């Protein structure tokens, strides 16, 4: 099988635009991990798209170089990247409808989609819509509000973040009503969440038709910088969160509530004294994937391709050793 790995940031998605160093570094980490894993699966040939401004990645894959000719031409870019490939594994932000559009392009062309369905990607792109769906199905979530229904009388602190945003991007901590009202007055639609005490964590799931296997229960290393957040890295299968009660139940609940989720899925949560509460769902490869193989001693890409070939998902979860992923230095240990 010929598979195209399309990592949006390093693969030409920003052709003709600046390439932010932090996004480029994180994108490269995920690209390298997925390509290296796929290349070890018998019978798989890997192709990848590469922004022409970047150096050769020196990976076991055929490289399709993308220049500024493809600026604002996602369809043309994807055609150039995936020509001759039977399947596409997209790694792209769900914000701005980007990931959903990529998934739709793949399906229209009759190729295998190594990702979730476009419909559920669009739900996950909205934090508010995602959390409403989870709450309706009994999945514990962080208390969240629209700017109109914030219970000011309960006081702060609060976190204001873009409804259509990725991770820590654009999130701000506010401590009083005046600051909250100023933050909510921004033109961008926002969601307001109570800042709960607890441990920031994430789940690495393998999902298929409403079922989930837990590949990783991870502790996120998050710093507060100028009343915002910065993800410094994560510890894959950290026992301080992996052994907490109801963690895997959270993953199964998310998969059942959003049955269109497929393949590798990330779920961010806060581990409180009352148990884990979901923050958001990432319907794509996340940074945590980078340390999974070292943690599990198994090839996670091979597990994903088994599901693509029709193998029934094993509901049992995997147990791995702690592995640290550091974003500042692109380091795995």
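Only one of the numbered conditions (1) out of contact with any strand residue (DSSP E or B) (no Cβ under 8 Å at 6 or more places or on another chain); (2) modelled with pLDDT of 95 or more; (3) outside the structural domain of residue 209 (by TED's automatic domain parsing) is not met by residue 133, and that is (3). When region 58-97 is filtered for residues that are assigned to a loop (DSSP other than H, G, I, E, B) and touching a residue at least 40 places away in the same chain (Cβ under 8 Å), the ones remaining, listed by number, are 61, 67, 71, 72, 84, 85, 86, 92, 93, 94.
Tell me the residue from 159, 120 that is outside the structural domain of residue 34 (by TED's automatic domain parsing), surrounded by 15 or more Cβ atoms within 10 Å (Cβ to Cβ), modelled with pLDDT of 90 or more and not in a strand (DSSP E or B), please. Lay out the reasoning, then the answer.
On the way: 159 fails: not in a strand (DSSP E or B).
Among 159, 120, only 120 is outside the structural domain of residue 34 (by TED's automatic domain parsing), surrounded by 15 or more Cβ atoms within 10 Å (Cβ to Cβ), modelled with pLDDT of 90 or more and not in a strand (DSSP E or B).
Yes/no matrix, rows are residues, columns are (1) closer than 25 Å to residue 95 by Cβ; (2) in contact with a strand residue (DSSP E or B) (Cβ under 6 Å, 6 or more places away or on another chain); (3) in contact (Cβ under 8 Å) with a residue 12 or more places away in the chain:
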position	(1), (2), (3)
182	yes, no, no
191	yes, yes, yes
195	yes, yes, yes
198	no, yes, yes
205	yes, yes, yes
211	no, no, yes
232	yes, yes, yes
242	no, yes, yes
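When you check residue 94 against the structure, is it closer than 18 Å to residue 301 by Cα and surrounded by 21 or more Cβ atoms within 10 Å (Cβ to Cβ), yes or no? Criteria not met by residue 94.
The values are calculated or read from the model by the stated rules, or taken from the named source; none is laboratory data. Here the structure is a predicted model, which means the values were calculated and not measured. Positions of Cβ are generated from backbone atoms using ideal geometry, with glycine treated the same way; all protein chains shown enter the neighbour counts.
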